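First comes the structure, then the notes that go with it.
The values are calculated or read from the model by the stated rules, or taken from the named source; none is laboratory data. Just so we're clear, the structure is a prediction, and the values are computed from it rather than from any experiment. Using ideal geometry, Cβ is built from the backbone for each residue, glycine included, and neighbour counts are taken over all protein chains shown. Protein only, heavy atoms only, side chains kept; ligands, DNA and RNA dropped before computing areas. Shrake-Rupley method; radii C 1.70, N 1.55, O 1.52, S 1.80 Å.
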Amino acid sequence: MVMIYELCTQKRTLLRKKQENMTRQLIYTGVMMLLAVCTQRVAAQQELTLHNAEGKAMKVALRKALPVSADRVRYTGFKQETLILKAGSIRREGAKPLTCDIMLERDVPIKLRDGVTIYADVFRPTDGKPCPAILAWSPYGKEVGGQMLDDVPMRAGVPMNATSGLEKFEGPDPAYWVAHGYAIVNVDKRGAYMSEGNLLYWGHEDALDGCDVIEWIASRDWCTGKVGMSGNSWLTVSQWFIAAEKPKHLTAIAPWEGFCDHYRESGTRGGIPMPEFPEMIAETFSSAHGMLEDQPRMIVEKPFMCDYWEDKAARVENIDIPAYVVASYTNSVHTHGTFAGYRRMASKEKWLRVHDTQEWFDYYTPENVEDLRKFFDHYLKGIDNGWEKTPKVRLSVLNPGGKDIVGRPENEFPLARTEYHKLYLSATDSTLNDVLPKNTACNTYVSTSADNQITYRYRMDKPTEITGYMKLHLWVSAPDNDDMDLAVRVEKLSKDGKPLPDMTGNVIATTGMMRVSMRQTDPSKSTEAEPYYPFTTEQKLKPGEIVPVEIEIWPMGLLFDKGEILQLTVGAYQPAKADIPFGSAHITIPKEGYTYMPGQKVEMMTIGGNATECADKNEVVKSPATHNSGRHCIYTGGKYDSYLYVPVIPAKNK
């Protein structure tokens, strides 16, 4: 019995100790989890102080960026070396072979004004003669990197052999430009990859970094002192900001689709916070030394125009150097800003070309590359090649179901001969009319239902061109709520009312967005066709209140044949998921030597293959709830003069 008692006592003692250990372990685990959460919160709450052009300080949220070791960012490694890339060699299988020898200086350090060091790859001719340079400015990697055409279905139509693979994503191909006597400087901007500091989204301080680099380039003994900038999307937005600071040696720019006001054109269009696209992009960024400016969080936490967002609007009126601007009507992020940048810049020598395809496809199309070289040859090399005789505007007009007009010469945009027409909405028969209906009527939909939109149609009685800016003047109410988030769309339908998708299956349309509480316009900056919103205050709806709103619709060029239909859709805005699988493609390149001769046996490495890595899932910014609830009512006829304002283009006088 004593032995049994002792055994039981020992067992109870061991059990008690085990329970105490488990309790201590649980407490420890809990404390560590709490510390982790606190650390995450501290990380999420970390801030950076930036300054705008007037020197005013702004607090900016920071977040983690992916490490350079992450598969998704496809970092090729830090290696400071100078190489001669031989003519005929390739960077990767299927890429275009080099047509000449190229000198490559890798990971060249550049010290910025505050002592921060960033790194660049410099591609230049081997003849030793000074040459002009073209700068490509973005955080996407100096080559390869976290975003590539290989991640996009069918590479957006750009063949693998269209470029050498030496190019930065959305940037000029060094192989082409070096062969024509230019240097290409691909920079990892502040905070990107191995460059020091925190990674910034445009604004005054980022632009000053660009100015520092331009002056550094101009001071090199291999440079003539003339520097241009080229590239698409982020690389275009950077040009608006950097050129506005007027760096002494920036001689010409070529913005190829990109917004110039992040708040109004991308992050908070129509007053509706839209962090989806910026969040997708933010999750691809890598930094070895710093953190990332958390712009998606700023979109959600700063929904009104403020010092921060003013700093994210480029002062394009300051730009007075030659510019070759390329735009399209079909980019959901870039369309408005590209046209606005062209129109607002002070440059006397500026050209606009509006294409009818896709930005990457257009940028790397050989005849367009040649056209851009003619521009740069004229301004960076001083060649008298007749560039100044190029039409100031070369316009495309889209004709879904038919043949587009491409490259039509014009003198300006919008076109001076535009004749604006009002097409009045009729709720009684869902039509658009040349005359205001006498009787008032109302269409209603439930904003949270699947069928949360109304369409109105206008059948053309003759061939018609609609090119330029549209707006929708609309009388609305929200009987069950104090606000509304509206989305409108204008598109062309066939004579029998069917959609007319393009070759990729997409329907060509122009759009507008509006949070009704943000409807206040600035009369001093608005025109009859283009409302301008300050976005500084909100005006919530009162119960039963019916209000007019002016909804800006982005530029479009559409051709209609007789009998074809213009369709206007008005509905409840819903966030759209941005989901491009950046980082998914596997990229195989030589481990040493940078390029290799086709068929040569060299040691290779494969990078990439992950489109889901995220620096910290706790920092991912979700789309905020819309301001839609219950019914939306649209009023037409009588005192409710709801109308679509359309730019009709008469034929040119012969």
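Details
- Loop-located trypsin sites (Lys or Arg not before Pro) in region 412-451 (DSSP state not H, G, I, E or B) with no more than 16 neighbouring Cβ atoms inside 10 Å: Arg417, Lys438.
- Computed from point charges on the beta carbon alone (+1 for Lys and Arg, -1 for Asp and Glu), the dipole magnitude for region 63-196 about its Cα centre is near 240 Debye.
- Each label was represented as a point 7 Å from its Cα along the Cα-to-Cβ direction; for Tyr420 and Asp221 these points are 6.0 nm apart.
- Förster-model FRET efficiency, 30 Å R0, Cys100 and Thr365, C-beta, rounded to 0.05: 0.90
- Accessible surface, 1.4 Å probe, highest first, among residues Lys562, Lys248, Lys540, Lys168: Lys248, Lys562, Lys540, Lys168
- Rounded to the nearest 20 debye, dipole of the chain from Cβ charges on Lys, Arg, Asp, Glu: 700
- Region 371-511 shape via C-alpha gyration tensor axes, a/c threshold 1.5: prolate
- Under the simplified labelling scheme, the Arg457-Lys542 pair shows an inter-label distance of 4.0 nm, with each label point 7 Å from Cα along Cα→Cβ.
- Ordering Thr431, Thr236 by accessible surface, largest first, gives Thr431, Thr236; the 1.4 Å probe counts only protein heavy atoms, with every chain in place.
- Which label in [x] 102, 86, 50; [y] 87, 68, 45; [z] 88, 62, 53 gives the computed Cα extents along the principal axes in Å: [x]
- For the pair Met597 and Asp561, label points projected 7 Å from Cα toward Cβ lie 5.7 nm apart.
- Zone residues, region 369-394, relative to His180, backbone N less than 14 Å from point 7 Å out along Cα-to-Cβ: 369-387
- Region 334-416: trypsin sites (Lys or Arg not before Pro) in DSSP coil with no more than 10 other Cβ atoms inside 10 Å: Lys348, Lys403
- Projecting the Cα atoms of Leu83, Ala207, Thr440 onto the charge dipole of the chain (Cβ charges, centred on the Cα centre) puts Thr440 farthest toward the positive pole.
- Ellipticity estimate at 222 nm from DSSP helix runs (n ≥ 4, -39,500 (n - 2.57)) divided over the chain, nearest 500: -6000 deg cm²/dmol
- At full extension, Ile405 and Asp307 could sit 31.1 nm farther apart than now, given 0.36 nm per residue minus the alpha carbon distance.
- The residue among Pro624, Leu48, Tyr469 whose Cα reaches farthest toward the positive pole of the charge dipole of the chain, with charges on the beta-carbon of Lys, Arg, Asp and Glu, is Pro624.
- Mean-position separation - Cα centroids, region 591-612 and region 531-569, in angstrom: 51
- About the Cα centre, charge dipole magnitude for region 250-299 (Lys/Arg +1, Asp/Glu -1 at Cβ), debye: 120
- Inter-centroid distance (Cα atoms) of region 364-402 relative to region 89-145, Å: 25
- Length gained when the stretch Lys392-Glu93 is fully extended (0.36 nm per residue, less Cα-Cα span): 103.6 nm
- If R0 is 22 Å, the Cβ-Cβ spacing of Asn318 and Lys59 corresponds to a FRET efficiency of close to 0.30.
- In this view, the solvent-accessible surface of Ser69, computed with a 1.4 Å probe and all protein chains in place, comes to about 100 Å².
- Leading residue at positive end of dipole, region 511-619 (Cβ point charges), from Thr521, Ile607, Tyr596: Ile607
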